[in-house]
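Engineer: Dropping a structure here in structure tokens format, bear with me for questions.
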Amino acid sequence: MAELDLTMESKEDRRHVQDKQLSQNHILIQNLIRAGVPSEEAYQVAPLLKKVQRSPDEEALVKKVWLRVRSQ
């Protein structure tokens, strides 16, 4: 019975973490759009901002968006 309770709690914890990540991602996208980033680019770049290693193309997109935001 206790094992079942731990499994239920860990599933709830995972769901809570996933919900929090989705909320943070949504806030990040909205902030990028408010900063003048086109919505399509904001949706593309948001997940890249959290990545530790990016491809050269991904890095170029992040830099392009960063320069746009910085110049606002």
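The values are calculated or read from the model by the stated rules, or taken from the named source; none is laboratory data. Keep in mind that what you see is a predicted model, and the values were worked out from it rather than measured. FYI the Cβ positions are ideal-geometry reconstructions off the backbone, even for glycines, and counts take in every protein chain you see. Remember, those area values only see protein heavy atoms, side chains included, never the ligands or the DNA or RNA. Shrake-Rupley method; radii C 1.70, N 1.55, O 1.52, S 1.80 Å.
Engineer: Sort out which residues of segment 49-72 are hydroxyl-bearing (Ser, Thr, Tyr) and closer than 18 Å to SER39 by Cβ, and write them in order of number. Give the derivation first.
Structural biologist: Residues of segment 49-72 hydroxyl-bearing (Ser, Thr, Tyr): 55, 71.
Answer for segment 49-72, where residues must be hydroxyl-bearing (Ser, Thr, Tyr) and closer than 18 Å to SER39 by Cβ: there is none.
Engineer: Considering only residues of segment 25-59 that are assigned to a helix (DSSP H, G or I) and touching a Lys or Arg at 6+ places or on another chain (Cβ under 9 Å), which is least open to solvent (accessible area, probe 1.4 Å)?
Structural biologist: The selected residue is VAL45.
Engineer: Scan segment 60-72 residue by residue and report those that are without any contact (Cβ under 8 Å) to a residue 24 or more places away in the chain and either touching a Phe, Trp or Tyr at 6+ places or on another chain (Cβ under 9 Å) or open to solvent by less than 80 Å² (accessible area, probe 1.4 Å) (or both).
Structural biologist: Start the filter on segment 60-72 by keeping residues that are without any contact (Cβ under 8 Å) to a residue 24 or more places away in the chain, which leaves 60-64, 66-67, 70-71.
Once the filter is applied, which keeps residues that are without any contact (Cβ under 8 Å) to a residue 24 or more places away in the chain and either touching a Phe, Trp or Tyr at 6+ places or on another chain (Cβ under 9 Å) or open to solvent by less than 80 Å² (accessible area, probe 1.4 Å) (or both), segment 60-72 yields ALA60, LEU61, VAL62.
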